[in-house]
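Scroll down for the structure; my scribbles are underneath it.
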Amino acid sequence: MTFEKSEVDFGTITAGEVKTHLFKFKNTGDADLIIEFASGSCGCTVPAWPEDTIKPGETGEILVEYDSKDKEGDELTEVNIIANTDPIVTVIKMTAKVIAK
């Protein structure tokens, strides 16, 4: 699984803003890709991943929503993707500088 970008910087945002990013990837392996699960590093980060098998050479997307409610300062949040890859866990990241309202 190879991502176009595995990290996104939302820049400076105001506390309470909700940001989303669509992480696009390609199955660069020689077997069907199956994403078993994806989880955010905190409750503020919610991923949605494809349930269907992705054939070699095909592409897919993982939509991640980040809620900056009750956050302030430099933020780094991650999504751990568990799939039939080597290594089994792939990490994508989001950063932001959250300022108070």
C42 passes all but one of the listed conditions (1) more than 15 Å from T2 (Cβ to Cβ); (2) at pLDDT 95 or above; the exception is number (2)
Inspect the stretch 34-50 for any residue being over 17 Å from the mean Cα position of the chain (by Cα) and on the phi < 0 side of the Ramachandran plot and give the result as yes or no. no
Against the definition (of a type in the set (K, R), surrounded by 13 or more Cβ atoms within 10 Å (Cβ to Cβ) and under 20 Å from K101 (Cβ atoms)), how does K69 come out, yes or no? no
What is the residue count in the stretch 36-48 for residues that are touching a residue at least 24 places away in the same chain (Cβ under 8 Å), hydrophobic (A, V, I, L, M, F, W, C) and open to solvent by 70 Å² or more (accessible area, probe 1.4 Å)? 1
Within the stretch 1-21, of all residues that are touching a residue at least 24 places away in the same chain (Cβ under 8 Å) and closer than 14 Å to V91 by Cα, the one most open to solvent (accessible area, probe 1.4 Å) is E7
Kindly indicate whether any position in the stretch 79-99 is assigned to a loop (DSSP other than H, G, I, E, B) and either more than 30 Å from D32 (Cβ to Cβ) or open to solvent by less than 10 Å² (accessible area, probe 1.4 Å) (or both). no
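The values are calculated or read from the model by the stated rules, or taken from the named source; none is laboratory data. All values derive from a computational prediction rather than experimental measurement. When we count neighbours, we look across all protein chains shown, and the Cβ atoms used for this are built from the backbone with ideal geometry, even at glycine. Accessible surface areas use protein heavy atoms only, side chains included; no ligands, DNA or RNA. Shrake-Rupley method; radii C 1.70, N 1.55, O 1.52, S 1.80 Å.
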